[in-house]
Amino acid sequence: MATEDNLNKYLHLLKGKDPLLSSLIHQLLEYRATVADNEINNRLLQELIGKYAESELRLKKLNQELTHKQDRLEQDLIAAAEIQKSLLPTNVNYGEILDVAWRFQPCDKIGGDIFNIVQLNDEHWVFYIIDVAGHGVPAAMVAVTVYQYLQPQSGNLSLRPEESLNTHEIRPPAQVLKFLDREYPFDRFNNFFTMNYVILNIKTGTLISSSAGHPPPIILRKNGTLVQLKKGGRPIGTIDLRLLADEPIVYEQEQAQIGVEDKLVFYTDGVYEYQNDRGEFYGNQRFHEQLTALKDQPVSDLIGASFDALMAFGNNAAPKDDVSLLGIQLKNLGVSP
């Protein structure tokens with residue numbers, strides 16, 4: 001700055017005396033100003049480049065951390081999916097008693113559908129299927145807790161001492177659903193689920209069924225007739241809504257008979273709500289027609305071919321909802337394990 005000040009003073013002294021020298025000094029000052037501006041601009045540019053490089057390194061580090069966390073999450077979801085699948089029936093051949101087949105296709109890596117087969121005693125078996133609202137981890141967590149609640153050792157499937165003198169007496173389906181409705185209120189889990197619950201006497205072929213807002217189980221008779229077990233009530237977890245509506249908490253149940261050539265089919269709404277690329281739903285009619293066409297097939301072929309026909313309808317596109325199919329066939333009456 002001292003040089004510019006001296007030049008300005010000198011220029012002021014020469015003002016009007018030597019126009020040529022004054023002009024030269026003006027040019028020199030402009031040059032000096034340009035050099036100073038360039039120096040400032042260079043410093044700013046260097047600072048910006050430094051900050052950009054620092055930000056780029058920081059962003060790269062954050063991206064690496066995010067990628068690592070995403071990979072870890074992906075691995076956790078894969079592990080969770082394997083755990084969920086391990087909870088599904090592993091045995092599909094129960095000797096001379098039952099033949100079982102199932103297909104499960106979640107829309108995410110893990111889903112809110114779950115089903116199981118539970119032996120209560122020498123004569124009675126339980127079959128149930130659950131569809132928790134929503135998808136992914138939250139729905140799967142609710143499904144797993146219900147699975148645990150319905151384990152034989154939980155004591156929730158038999159009447160308690162204060163309810164019956166016979167502590168081995170089986171809790172009826174409608175009562176199981178009512179108990180679940182109390183254990184899983186919406187305000188506790190912020191969710192609800194639908195369900196079928198069926199108890200089968202393998203010696204007599206008599207079954208008792210109750211549903212909580214779930215698509216009705218189907219008995220496929222050997223002649224192709226379809227019998228839907230529709231008795232039940234609203235979805236589990238809507239007790240608060242019913243209290244607001246001042247409606248009683250009631251689940252109905254019904255009794256039916258199956259023979260050795262009949263099949264019992266459970267499914268979730270992901271079956272009939274599966275869509276093709278034209279937006280058409282698979283629908284109950286196609287599903288029922290497929291079951292009827294396969295009435296003479298073993299239950300394993302019935303479930304396998306039904307699932308394949310469903311996926312072929314949608315060109316094997318990933319479903320937008322979890323898809324579950326469970327088939328049961330009683331092989332002999334009056335046979336104990």
Ranked order, His214, His124 - accessible area, probe 1.4 Å, largest first: His124, His214
Cα-projected label distance for Ala53 with Asn121, points at 7 Å along beta-carbon direction, nm: 8.1 nm
Links that overshoot a 25 Å alpha carbon limit, given the list Lys222/Lys320; Lys109/Lys222; Lys230/Lys295; Lys178/Lys203; Lys109/Lys331: Lys222/Lys320; Lys109/Lys222; Lys178/Lys203; Lys109/Lys331
Solvent-accessible area of Tyr149 with every protein chain in place, 1.4 Å probe, in Å² to the nearest 10: 30 Å²
Prolate/oblate/rounded label for region 250-318 (Cα gyration tensor, a/c 1.5): oblate
Cβ-Cβ FRET estimate between Glu261 and Arg72, R0 fixed at 51 Å, reported to 0.05: 0.50
Gain in span if fully extended, Glu65 to Arg188, counting 0.36 nm per residue against the direct Cα distance: 40.8 nm
Full-extension gain in nm, Asn332 to Gln228, via 0.36 nm per residue minus C-alpha separation: 35.2 nm
Net length gained if the chain between Glu254 and Ala133 were fully extended (0.36 nm per residue, minus Cα distance): 41.0 nm
Cα→Cβ-extended label distance, 7 Å offset, between Glu96 and Phe179, nm: 3.3 nm
Order of exposure, largest accessible area first, which applies to Thr67, Thr194, Thr292 with probe 1.4 Å: Thr67, Thr292, Thr194
Leu87-Glu289 FRET efficiency (beta carbon distance; Förster radius 41 Å; 0.05 resolution): 0.80
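The values are calculated or read from the model by the stated rules, or taken from the named source; none is laboratory data. Note that the structure is a prediction, hence the values are computed from the model and not measured. Heads up, the Cβs are rebuilt from the backbone with ideal geometry, glycines too, and the neighbour counts pull from every protein chain shown. Surface accessibility is based on the protein's heavy atoms, side chains included, excluding ligands, DNA and RNA. Shrake-Rupley method; radii C 1.70, N 1.55, O 1.52, S 1.80 Å.
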